[in-house]
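The values are calculated or read from the model by the stated rules, or taken from the named source; none is laboratory data. Being a predicted model, the structure only gives us computed values, none of them experimental. Reconstructed Cβ throughout: ideal geometry from the backbone, glycine too, with neighbour counts over all protein chains shown.
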Amino acid sequence: MRNKFSKLILGAALTLSVFSCKDDLLSPVPKTSISDLSAYDTPDRIESLVNALYDAVKAGNFLGGRYLIYNDIRGEEFINQTNNGVTGLQTWNFTLNASSNEVNNLWRDAYYAINSSNLFLDKIDAAPAKIAPEKVTNYKAEARFLRALTYFSLVNIYAQPFTKDNGASLGVPLRLKGENGAGNSNNLKRSTVAEVYTQILEDLNFAEANLPATNSGDLNITRAHKNTAIALKVRVYLAMARYADVQREAEKLVPAVAPFKAPTGVRHELNANYAAIFTSYRTLESIFSLPMATNDPPGTQNQLAFYYLAGPVGGGEFSLNMTGNGILANRAFETTDDRRRLAVAAGTRTYLNKFTTPAPFTDWVPILRYSEVLLSLAEAKARQASGVDASAVALLNAVRTRSKGTAVAPTTKEELITAILTERRIEFLGEGLRSLDITRLGQPFPAKGVVNAINPTQSEYIWPIPTTELAVNKDCEPNP
Amino acid sequence: MKRILLLSLFGFFACLQTWAQSKTYSGKVTASDDGSSLPGVTVQVKGTAKGTQTNGDGSYSIETNAGQTLVFSFVGFTQKEVKLGANTTVNVSLGVDDNVLSEVVVVGYGTQNRKDVTSAVSTIKGDAIKSIPAQSFDQLMSGKAAGVNINIPNGVLNNPPVIRVRGFNSITSSSYPLIVVDGVIVFSQDAGAVGPAGIAANPLSDINPNDIETIDILKDAAATAIYGSRAANGVLVITTKKGKAGKATITYDGWTGWTQAFRKFDLLNAEEYVMMKNEAEQNRASLAGQNFTPLFVKNLDPNGVPYDTDWYGEVFQTGFQHNHNINVSGATPKSSYYFSAGYTNQEGFLKKNTFERKNTRLNISHNVTDNVIVGANVTYSSSDAFAPNSGSLAGTNFSTGGLGRIPLVSAPNVPVRLPDGSYNINSTGGLANSLGNLGNLDRSGFYNPAVMLDLDKATAASERFLANIYATINFTKDLSFRTDYGIDNLTVDSRTFLNPLHGDGFAARGIAANYLLKNRRWTWQNYLNYNHTFADKHSVGATIGTEQQYTNRNMWSASRQTVTDPFFNIYEGNYTVNNNPPFNFLTENGFQSYFGRVTYDFAKRYFFTATLRRDGLSALAEGKKFGNFYGISAGWNLSEEKFFKDALQDKISTLKLRTSYGKVGNAGISDFAALSLYDFGNYGGNVATLFFSQAGNPDLRWETSTKFDAGLNFGLFSDKVTGELTFYRNVIDGLILNSPLSPSMGVPGNSVAKNVGSMFNQGLEFAINATIIRTSDFKWNTSFNIATQKNEVTALAEGNADIFGVTQLETANITRVGQSLGSIWAVPTAGVNPENGRRIFINSKGEQVQYSHAVPTGQSRWTYLDGRTAPAISAAADSRIIGNTIPKFYGGWDNNFSYKKFDVALSLIYAGGFYVYNGTRAGLHDQRFWNNAADILNRWTPETRSTEWPRVVYGDNVSNGSSFPISENAERGDFIKCRNVSLGYNLTSEYLKRLKITNARLYTQISNAFMITNYSGTDPEVSSNGNSNLAPGVDRNSVPQARTYSVGLSISF
């Protein structure tokens, strides 16, 4: 009896321990992720990697929402309603500091996007997957386009405008090699603004040369093609006040006379219905937009509609500034203008109804539009001409009359330039261009509501370098 | 001969022949103090395995022969030996044993007599923690054992306490001890998330405190090395109750309690609020050169009475709790059994916060043959929790709907409901989704808490099956084999709903999510134990074995939003939008281990132990998976030496010196930490993305802790006073750190795990237990313990880069070489400038810089005291270390008194020599629309220039620490707290005995009865970041602790 039990237990224990001593006890394989070593194994994975580069710039903290919002609310068009430190209050009233969340999160996500592109550029040539060489070149061009877009976004918020001193000020650290966490490259000095711009232009020139002329369907809007790179160059040169270059690049997309329609590649043109640009998302006017979906939304407190729409659909975070400096109080913004219909009263306040999809707020985010190319070209021409440039006026009025604004007939060069700049405020309200238009011209940020104006000499004029960077990157200088 | 007790507990009954010419001896065993009969006493013939037990009335009979010695032993009583003569009636009276040194301690894969233990082990008895209102036993351990620090983070039900055995032993990995229940390593908080953020859940709450016999806390390397790679943070070995010899005992324990928030803030009332906020706006307008318009008004109800809302009253309540346990236990010479069932239903002081648990346990063992024992410990537990958004759990501190914060910020001059009975909320326009502002021109608060409390849901239903089945074969008296298979399955079904009307679900127009988490683990141990005494003096013990463990954790979840009708408040209702799953994962790990232990003692005077464990863990890279861990110890039982006995025995009854050294590990490594990973997602909804998600490190090794320990145990005056004194030093090397990378490198998480850090903890532990008075009527027993700890980080990642500890949106902690882990990091301040009422900050150059939130255009907010423009203060450049958050000393002091039938227990805990970052205080003085603490009335005004609070300026979130942490809000946390005080009355009487009631006690108690502290927040124990190593000692918007009053009854049949 005694032996039988003992033997049974011992026998069972030994038998089971042999069988259960499975080899994989110590070597389970992740079932929800793949190893970095196999990320480049198939053409499909590489296509997914490229999509991820776009998705990285689309982060809610960056171009998927907050970058545009910050650049608008720093300007004079919006009034903070909620006093919420999490939704841009300190950006709006210029009380940010280096440890503020918007300063740190935007930097982090933008550099994640840069590193994603860098890693891709480092690894794609050695990818085990079989892909045609021209496809590889296209992919590289996309990565460099996105890197340029990201550096341009960064340098225009964390550094002094190029126009201040021809880019002699400190820019941002220029990271061009992929980082996988190994090795030690924590320390990197900030390049000058000019050096960053040089890299941006180099990337964009490469992108223009190597991107496909067209994609297909939605990809003409959500993925880069030649005209996308050109349109971004127009913006970059405008920020540098290199108006001849603005003109040269813009003219690749704009014929000398109406009808204004891109002569090559994707045939961009103005969309007759202004509001539809932001609701259908797929008009020829959109050169580059970041797509959203219920399964790929911008994320909580990052969405354009959440910030700008009144409750109950939006969060009512920022209403339109209806007085003083606000563009809504500007006579150039006529009541007949279609664009004005997007300013909708809610109670005693007025809100921007450009982005209207309710939660989870899947409006596509406009990054580059054809009307911007037209107005930038108009401005470049106007500034280069000695008098009133007629073609600039034509371009301005093309944009203006498209949304039933009255055509203008400026009588002086200055009047024309002012009209174009005002038109930009009307046309791009809520699209994240306001700060750039203020800083590239060295203007003060105008006063609004309870917030006083900020002069270009004040430290608040640009964002501080974030504490998270300064704490680790010992070569990185803070902004004064 | 305590070894016999040890052997009998082991169940090592060897079969020996009996002698001829035997007689039957019989008698009755009674307790010496009250003469009551003792059932279940082990009666053993000395030197043999022959034995029996006393029956229900304490009598026994045993067949043996004259000249033998009978040994009578019973837990809690001193053992007695009687040499048998001609008289066959042997009545024995046993004295109550105050000598804790005679107990058995569980040391992992075996037990040892406490007297023989040469490692640092503290024991908490189950009786010390039962029947006190709590959700889990760990909450009750505060102050009970030297070197074990338990912090209750706040009064949210089932919020896991922070447990630290000899301080923080890791930086990035966990500092939470290993939890072993009946020999099986079980899921604890360490297992990671137990559900969605915001629902407090503690896997240890599935273990009924009333089922616990003892908790042994293994502290040094010698004690913990048997658990090898998981031992660095200490080990809590929990042994559940077993049936005791004698007839079946039925015990009922129950209590009923009422709980309230302990210490709330004194806030401005409506009138003061309106005055203060308008004064702030007036100051702002005048400083900015603008016109003043009052922002806040006196809002009147229909009767013309101004609203003055107590928001605490909307959020807090007196919660009702009740708890019942019943168990049936007993043992025969062949079998022992313990059945129990428990039910607890507790309301928190936070409205809607509930915790309900039903659990059953069966512990059984049976001698199948005379050398084979099989047994099982099985428990099943199911619990249901409802957890409103308390904003008091790690990562939720700044949550807009956090109920810890809402009473502090909401304007008192608006009502909860409007006169028509509807909620006072804004639903449209600019202030949509905020508390209704009535006549106020700015918003009045974040959300109206009443709506969320009424309509939101957050539940967690958990089911735990925890069981082990074992068999022991005794090959000989000395050699045994044990196989033990354990299962730990923990399933948590969490469901949340955020209503469409108001709050966090407003924008989504109602959002529901369900989460199902399955944690599954099996463990299998096989080991041999050998014990033998050679030549009466050389005792040798050896254990050798293997263990395998496999853990699989899987969560899947689903979320939908935009309800089609307000009727729906569950996921299964109807919605128009399907969201991405909020939190899915599937992960697994495995351990393969080999272990061995050798013990030797010479004549119970000299002791040696050596332990070795080799662990393999799947999370590490190929070739790096295995690590070796060891511990050695030695002891000298001085009091057994003849010279000592001769000289000192009357005074010093026991004195043992001991020391140990060893190296153990920390396995708190994420399951695939060695791998660099890419994850899939989508771009714009319909195309796949593949993105860099984790920077792995193939060179990752075990984090190891080298522990040295030296101490002594003593007993004075026949062990009426016992105690111990220990010095320890733990040096942790190869700390796995999320070594920070410059964010501009763009690596996910901005960090990579590396073995780069080192740190040490050292300190002294002292514990003393004394029976001060013992008369037949009055008894007074006291136990006191104190532990000191010094923590210093000695190396960090490349360049010793600082590591910052984040409290969701703010960074108030730093880990820096040469300093204590997680020290407070804030900008120094130097009070308020009496000239102008501005807060003075001190920048990194030591210059005084003052701040004005409002200035005219072109002027700087930051100026030197002479008015020149100064560079803006930045938290990165100007912060300094303000103080340590880890207490320099802490401990507990328990006193138990009994007088006749009354008993009183008073349990105090204390800690000192540390700072708390009181971030809540920043919020309480924030000059936005938020309500303020009443002490803001002492703010600077031209009339009152000397004050601690600056001139109020509307919108100012900088001066008082909301924007970045300031030293003004770092406070000393020293406290003494009465964790529990109870008064009991023993109802036992002859009358009850006739009703077969052997024991009955009625008691009442108060937990958190009082606290002595200068800390201005609710509680210096608060840990807003829960178990975080990097951000401890932060109090940010957390609900207070609970004070609970209870009455209870305990009856045994």
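Taken over segment A:310-337, the residue count meeting the criterion of being under 16 Å from A:THR300 (Cα atoms) and charged (D, E, K, R) is 1. Just one of the numbered conditions (1) assigned to a strand (DSSP E or B); (2) free of Cβ contacts under 8 Å to residues at least 60 places away in the same chain is not true of B:LEU517: (2).
Which ones in segment B:663-690 are in contact with an Asp or Glu (Cβ under 7 Å, 6 or more places away or on another chain) and either more than 11 Å from chain A (Cβ to nearest Cβ) or in contact (Cβ under 8 Å) with a residue 40 or more places away in the chain (or both)?
Going residue by residue through segment B:663-690, those that are in contact with an Asp or Glu (Cβ under 7 Å, 6 or more places away or on another chain) are B:665-666, B:668, B:671, B:676-678, B:681-685, B:689.
Within segment B:663-690, B:GLY665, B:ASN666, B:GLY668, B:ASP671 qualify.
Say whether the condition of being in contact with a Leu (Cβ under 7 Å, 6 or more places away or on another chain) and basic (Lys, Arg) is met by at least one residue in segment B:776-784. So far as segment B:776-784 goes, no, none of its residues is in contact with a Leu (Cβ under 7 Å, 6 or more places away or on another chain) and basic (Lys, Arg). So, in segment B:212-228, of the ones that are surrounded by 24 or more Cβ atoms within 10 Å (Cβ to Cβ) and within 18 Å of the chain's Cα centre (by Cα), which residue ends up farthest from B:VAL186 (Cα to Cα)? Looking at the filtered set, the residue picked out is B:LYS219. Of the residues making up segment B:307-364, just one is without any contact (Cβ under 8 Å) to a residue 24 or more places away in the chain and farther than 24 Å from B:ALA248 by Cα, namely B:GLY313. Determine whether segment B:285-306 contains at least one residue that is under 29 Å from B:PRO407 (Cβ atoms), β-branched (Val, Ile, Thr) and under 32 Å from the mean Cα position of the chain (by Cα). Scanning segment B:285-306 turns up no residue that is under 29 Å from B:PRO407 (Cβ atoms), β-branched (Val, Ile, Thr) and under 32 Å from the mean Cα position of the chain (by Cα).
Could you count how many residues in segment B:875-903 are more than 27 Å from the chain's Cα centre (by Cα) and either touching a residue at least 40 places away in the same chain (Cβ under 8 Å) or more than 14 Å from every other protein chain (Cβ to nearest Cβ) (or both)? Spell out how you get there, then give the answer.
Quick first cut of segment B:875-903, residues more than 27 Å from the chain's Cα centre (by Cα) only: B:875-881, B:897-903.
Imposing the further condition that a residue be either touching a residue at least 40 places away in the same chain (Cβ under 8 Å) or more than 14 Å from every other protein chain (Cβ to nearest Cβ) (or both) reduces the set to B:875, B:878-881, B:897-903.
Result for segment B:875-903: 12.
Can you confirm whether segment A:168-189 contains a residue that is of a type in the set (A, V, I, L, M), closer than 29 Å to B:SER693 by Cα, in a helix (DSSP H, G or I) and within 14 Å of another protein chain (Cβ to nearest Cβ)? No, that holds for no residue.
For segment B:104-127, how many residues meet the condition of being touching a residue at least 60 places away in the same chain (Cβ under 8 Å) and part of a helix (DSSP H, G or I)? Total meeting the criteria: 3.
Condition check: touching a residue at least 40 places away in the same chain (Cβ under 8 Å) and of a type in the set (Gly, Ala, Ser). Does A:SER153 satisfy that? So A:SER153 fits the description; yes. Those residues that are closer than 30 Å to B:SER639 by Cα and within 14 Å of chain A (Cβ to nearest Cβ), I need them from segment B:576-621; list them, please. The answer is none; no residue qualifies. Scanning segment B:850-860 for residues that are free of Cβ contacts under 8 Å to residues at least 24 places away in the same chain, facing another protein chain (nearest Cβ under 8 Å) and crowded, with 16+ Cβ neighbours inside 10 Å turns up just one, B:SER860. Would you confirm whether or not segment A:157-164 contains a residue that is within 12 Å of another protein chain (Cβ to nearest Cβ), of a type in the set (A, V, I, L, M, F, W, C), more than 18 Å from the chain's Cα centre (by Cα) and more than 30 Å from A:ASN215 (Cα to Cα)? No, segment A:157-164 contains no residue that is within 12 Å of another protein chain (Cβ to nearest Cβ), of a type in the set (A, V, I, L, M, F, W, C), more than 18 Å from the chain's Cα centre (by Cα) and more than 30 Å from A:ASN215 (Cα to Cα).
Here are B:ASP220, B:ASP190, B:ASP206, B:ASP182: which of them is modelled with pLDDT of 85 or more and within 30 Å of B:ALA795 (Cα to Cα)? I'd like the intermediate steps shown before the answer.
Values: B:ASP190 fails: modelled with pLDDT of 85 or more; B:ASP206 fails: within 30 Å of B:ALA795 (Cα to Cα); B:ASP182 fails: within 30 Å of B:ALA795 (Cα to Cα).
Of B:ASP220, B:ASP190, B:ASP206, B:ASP182, the one residue that is modelled with pLDDT of 85 or more and within 30 Å of B:ALA795 (Cα to Cα) is B:ASP220.
For segment B:238-276, what are the residues that are part of a loop (DSSP other than H, G, I, E, B), over 30 Å from B:LEU178 (Cβ atoms) and not hydrophobic (A, V, I, L, M, F, W, C)? Before you say what the answer is, go through the steps one by one.
So the first thing to find is which residues in segment B:238-276 are part of a loop (DSSP other than H, G, I, E, B), and the list is B:241-244, B:263-266, B:268-269.
Checking the rest, the ones that are also over 30 Å from B:LEU178 (Cβ atoms) come to B:263-266, B:268-269.
Once the filter is applied, which keeps residues that are part of a loop (DSSP other than H, G, I, E, B), over 30 Å from B:LEU178 (Cβ atoms) and not hydrophobic (A, V, I, L, M, F, W, C), segment B:238-276 yields B:ARG263, B:LYS264, B:ASP266, B:ASN269.
From the residues in segment A:438-480 that are charged (D, E, K, R), outside any loop (DSSP other than H, G, I, E, B) and out of contact with any helix residue (DSSP H, G or I) (no Cβ under 6 Å at 6 or more places or on another chain), which one is farthest from the other protein chains (Cβ to nearest Cβ)?
Of all residues in segment A:438-480, those charged (D, E, K, R) come to A:440, A:448, A:460, A:469, A:474-475, A:477.
From what is left, the residues that are outside any loop (DSSP other than H, G, I, E, B) are A:448, A:460, A:469.
Now restrict to residues that are out of contact with any helix residue (DSSP H, G or I) (no Cβ under 6 Å at 6 or more places or on another chain): A:448, A:460.
Numbers: A:LYS448: 12, A:GLU460: 8 Å.
Applying the filter and picking the extreme gives A:LYS448.
Mind checking which helices (runs of 4 or more DSSP H) fall wholly inside segment A:58-152 and carry at least 2 residues that are under 16 Å from the mean Cα position of the chain (by Cα)? Spell out the reasoning first.
Working: elements: A:66-73, A:89-92, A:101-123.
Of the helices (runs of 4 or more DSSP H) lying wholly inside segment A:58-152, those with at least 2 residues that are under 16 Å from the mean Cα position of the chain (by Cα) span A:66-73, A:101-123.
Of all residues in segment A:282-300, those that are within 13 Å of chain B (Cβ to nearest Cβ) and surrounded by fewer than 21 Cβ atoms within 10 Å (Cβ to Cβ) total 6. Among the conditions (1) within 11 Å of chain A (Cβ to nearest Cβ); (2) assigned to a strand (DSSP E or B), the only one that B:VAL540 does not satisfy is (1). Of all residues in segment B:780-809, those satisfying the criterion of being crowded, with 22+ Cβ neighbours inside 10 Å and more than 30 Å from A:THR468 (Cα to Cα) are B:SER783, B:ASN785, B:ALA787, B:GLN789. One residue stands out in segment B:862-873 among those that are within 14 Å of another protein chain (Cβ to nearest Cβ) and touching a residue at least 24 places away in the same chain (Cβ under 8 Å): the one that is nearest to B:GLU971 (Cα to Cα), namely B:ILE873.
What about A:ARG424, is it more than 14 Å from every other protein chain (Cβ to nearest Cβ) and crowded, with 19+ Cβ neighbours inside 10 Å?
Details: more than 14 Å from every other protein chain (Cβ to nearest Cβ): yes; crowded, with 19+ Cβ neighbours inside 10 Å: yes.
When the stated conditions are applied, A:ARG424 passes them.
Scanning segment B:929-939 for residues that are surrounded by fewer than 20 Cβ atoms within 10 Å (Cβ to Cβ) and not in a helix (DSSP H, G or I) gives a single hit, B:ALA933.
Conditions tested, residue by residue: (1) in contact with a Lys or Arg (Cβ under 6 Å, 6 or more places away or on another chain); (2) within 14 Å of chain A (Cβ to nearest Cβ); (3) surrounded by fewer than 18 Cβ atoms within 10 Å (Cβ to Cβ); (4) within 30 Å of B:LEU498 (Cα to Cα).
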| site | (1), (2), (3), (4) |
| --- | --- |
| B:ALA280 | no, yes, no, no |
| B:LYS298 | no, no, yes, no |
| B:ASN303 | no, no, yes, no |
| B:GLY319 | no, no, no, yes |
| B:ASN325 | no, no, no, no |
| B:VAL328 | no, no, yes, no |
| B:SER340 | yes, no, no, no |
| B:VAL372 | no, yes, no, no |
| B:VAL378 | no, no, yes, no |
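If you go through segment A:43-79 and pick out every residue that is more than 10 Å from every other protein chain (Cβ to nearest Cβ) and among the hydroxyl-bearing types (Ser, Thr, Tyr), you end up with 2. Within segment B:152-178, work out how many residues are crowded, with 24+ Cβ neighbours inside 10 Å and either of a type in the set (Asp, Glu) or not in a loop (DSSP other than H, G, I, E, B) (or both). Of the residues in segment B:152-178, 4 are crowded, with 24+ Cβ neighbours inside 10 Å and either of a type in the set (Asp, Glu) or not in a loop (DSSP other than H, G, I, E, B) (or both).
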